[in-house]
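Colleague: Starting off with a structure, shown below.
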Amino acid sequence: MVETDDLVAALREADAVRYGEFELSHGGTSEYYVDKYRFGTEPAPLSLVAKAFAERVDDGLLAGVAVGAVPLVVATALETGTPYLIARKATKEYGTGNRIEGDLTEGDRVVVLEDVATTGQSALDAVEALRGAGAVIERVLVVVDREEGARALLADSDVELEALVTASDLLAAAE
């Protein structure tokens with residue numbers, strides 16, 4: 001089993017935790033930043049994250065929130081042999097015009113994978129889009145939960161947030 005301490009060490013080794021003043025996607029600011037591209041583009045931490053996710057998924061499909069969780073869902077799909085979907089932030093304006101990419105059938109059980117959760121809004125948007133396309137979703141797995149409201153927001157929509165690592169884990173390791 002992949003341990004939290006191993007994941008924290010891998011994120012730190014990949015220089016994915018940075019300190020300073022950062023603007024976050026929801027408009028707030030933070031004294032630290034978790035750079036998803038540092039752990040999502042490097043083979044060692046990406047492989048470890050995929051193994052940890054693989055230990056936590058069950059039957060059903062995987063879905064990654066575009067764009068940051070795409071490498072995570074691909075790596076996890078390769079680890080598990082499970083097909084995956086990609087949930088776009090908006091409907092594509094060209095080609096097929098899809099918001100959900102991949103083979104989804106009404107009633108399919110899906111676990112959503114996400115990189116970093118702060119408010120949980122991007123994960124919730126993906127859940128709602130997937131549910132609108134017929135998916136059954138009960139869980140979102142995230143690499144890092146910044147512990148800033150995502151768990152409660154998702155719970156309001158009957159979705160459990162499960163984090164591999166929390167902000168508390170990451171920040172405690174820095175002390």
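The values are calculated or read from the model by the stated rules, or taken from the named source; none is laboratory data. Because the structure is predicted, anything quoted here is derived from the model rather than measured. Because the Cβ atoms are built from the backbone with ideal geometry, glycine has one as well, and the counts that use them run over all protein chains shown.
Colleague: Can you tell me which residue among Ala126, Ala150, Ala173 is under 26 Å from Ser47 (Cα atoms) and touching a Gly at 6+ places or on another chain (Cβ under 8 Å)?
Modeller: Ala150
Colleague: So Glu31 passes all but one of these: (1) assigned to a strand (DSSP E or B); (2) farther than 24 Å from Glu160 by Cα; (3) modelled with pLDDT of 95 or more. Which condition number does it fail?
Modeller: The one condition Glu31 does not meet is (3).
Colleague: Only one of these conditions is not met by Val17: (1) at pLDDT below 95; (2) surrounded by fewer than 20 Cβ atoms within 10 Å (Cβ to Cβ); (3) more than 16 Å from the chain's Cα centre (by Cα). Which number is it?
Modeller: (2)
Colleague: So which residues in the range 29-58 are loosely packed, with under 12 Cβ neighbours inside 10 Å and either more than 18 Å from the chain's Cα centre (by Cα) or farther than 18 Å from Thr76 by Cβ (or both)?
Modeller: Across the range 29-58, the qualifying residues are Thr29, Glu31.
Colleague: Filter the range 52-71 down to residues that are in a helix (DSSP H, G or I) and out of contact with any Asp or Glu (no Cβ under 6 Å at 6 or more places or on another chain), then give me how many there are.
Modeller: Adding up the residues that qualify gives 6.
Colleague: I've got another one for you. For the subset of the range 121-172 comprising residues that are closer than 24 Å to Ala10 by Cβ and among the polar types (S, T, N, Q), which member is surrounded by the most Cβ atoms within 10 Å (Cβ to Cβ)?
Modeller: Out of the qualifying residues, it is Ser122.
Colleague: Let me ask something else. Name the single residue, out of those in the range 98-120 being aliphatic (A, V, I, L, M) and crowded, with 20+ Cβ neighbours inside 10 Å, that is nearest to Val73 (Cα to Cα).
Modeller: Among them, the one singled out is Leu113.
Colleague: If only one of Ala173, Ala152 is at pLDDT below 95 and not β-branched (Val, Ile, Thr), which one is it?
Modeller: Just one listed residue meets the conditions, Ala173.
Colleague: Additional query: For Thr91, are the conditions met, namely being hydroxyl-bearing (Ser, Thr, Tyr) and surrounded by 14 or more Cβ atoms within 10 Å (Cβ to Cβ)?
Modeller: No, not satisfied.
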